[in-house]
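A short write-up of the structure that comes next.
The values are calculated or read from the model by the stated rules, or taken from the named source; none is laboratory data. Values in this document were obtained by computation on a predicted structure and should not be read as measured data. Note: ideal-geometry Cβ built from the backbone for every residue, glycine included; neighbour counts use all protein chains shown. These area figures cover heavy atoms from the full protein model, side chains too; ligands, DNA and RNA do not enter into them. Shrake-Rupley method; radii C 1.70, N 1.55, O 1.52, S 1.80 Å.
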Amino acid sequence: MRIAKYAAVLAAAGALTLTACASGSPNDAGNEQTTTAPVEEVTFDEGTTMAKLQNAGKITIGTKYDQPLFGLMNPGTNQPEGFDVEIGKLIASKLGLSDKQIQWKEAVSANREPFIQNGEVDIVVATYTINDERKQVIDFAGPYYIAGQDLLVLQGNPEGIKGIEDVKGKQVCSVTGSTSEQNLQAAGVEVLATDTYSNCLEPLRSGQVVAVSTDNVILAGLADQNQGEFEVLDNPFTEEPYGIGLKKGDQEFRNFINDVLEQSYEDGSWAAAWESTAGKVLSTPEPPAVDRY
Ligand code: GLU
């Protein structure tokens, strides 16, 4: 495990960040990108997804492009950045693929299952809650983080909202196809649904909604990006275990990704990924136990 330790030390020190010129379309980030993890020399049994990806020399990963701290497109490099992006890079490196061999694809909440089912992406790492409904059509490795749904309000909290109980019967903005939207509806909240959380900020500014609701870490990223405008209540009312979405039934690939996660917990690369991204705003949590269902 000499190589993996080396990766963790480098990532922690931020020593190996090579930015390169922009390439590709806005939604398909191409080959030139930051490099954080050295490639592992590995071989896999023929016929496995791992061998196929390694032979193809490429992995396509769906992630968010508008969620600071977890998945945010950097227009300067034309590459996404964040904790989810780092988790994707860790998985790629254990397949023997460099960061340059990752094809990023923008995912929004509603297209994650279809992207996986149609083979448009190999995996999704995108603040993606593991739940039974989704497990009917795809599988999840992980969890690799546990978030909780919360509320974002205007700075100073002019409506005096303390928690979910206070927004029942009021308009709250969230995103189609998310657990956040479902949880609000189940709680009797009126939902203004859009396609991305960043599109909820204008309705909050204008007073069309009294709050934006989704996972606390997404809201913390939006508050940090728009300093002085918004605040997170810090009163989470759900548990959102984040998983890595993959094709249903690919047990070998799921086991492989779970092994990668467990290894990253042990060798420090998970913590280094957190600290270089979400950790700039949020304290470092304990990694959750992966679920070998
Ligand atoms: N984690 C929740 C979900 O997977 C909300 C965040 C999101 O939409 O990405 O639906």
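Odds and ends about this structure:
- Search result, residues across region 97-116 that are open to solvent by 30 Å² or more (accessible area, probe 1.4 Å), part of a helix (DSSP H, G or I) and either of a type in the set (A, V, I, L, M, F, W, C) or more than 16 Å from the ligand (Cβ to nearest atom) (or both): 100, 101, 110
- Number of the condition not met by residue 69 [criteria: (1) open to solvent by less than 10 Å² (accessible area, probe 1.4 Å); (2) in a loop (DSSP other than H, G, I, E, B); (3) of a type in the set (A, V, I, L, M, F, W, C)]: (1)
- Looking only at residues in region 250-275 that are in contact with a Ser or Thr (Cβ under 8 Å, 6 or more places away or on another chain) and among the small types (Gly, Ala, Ser), the one that is surrounded by the fewest Cβ atoms within 10 Å (Cβ to Cβ) is 271.
- One residue from 291, 215 being open to solvent by 40 Å² or more (accessible area, probe 1.4 Å) and not small (Gly, Ala, Ser): 291
- Filtering region 82-96 to residues that are buried (at least 20 other Cβ atoms within 10 Å of the Cβ) and of a type outside the set (Lys, Arg) leaves 82, 83, 84, 85, 86, 87, 88, 90, 91, 92, 93, 95.
- The listed residue being in contact (Cβ under 8 Å) with a residue 40 or more places away in the chain, within 10 Å of the ligand (Cβ to nearest atom) and either open to solvent by 30 Å² or more (accessible area, probe 1.4 Å) or in contact with a Phe, Trp or Tyr (Cβ under 8 Å, 6 or more places away or on another chain) (or both), out of 143, 241, 236: 241
- Residue under evaluation residue 148, criteria (1) without any contact (Cβ under 8 Å) to a residue 60 or more places away in the chain; (2) surrounded by fewer than 23 Cβ atoms within 10 Å (Cβ to Cβ); (3) within 12 Å of the ligand (Cβ to nearest atom), criterion not met: (1)
- Some residue of region 35-53 being touching a strand residue (DSSP E or B) at 6+ places or on another chain (Cβ under 6 Å), more than 24 Å from residue 130 (Cβ to Cβ) and either modelled with pLDDT of 95 or more or within 16 Å of the ligand (Cβ to nearest atom) (or both): no
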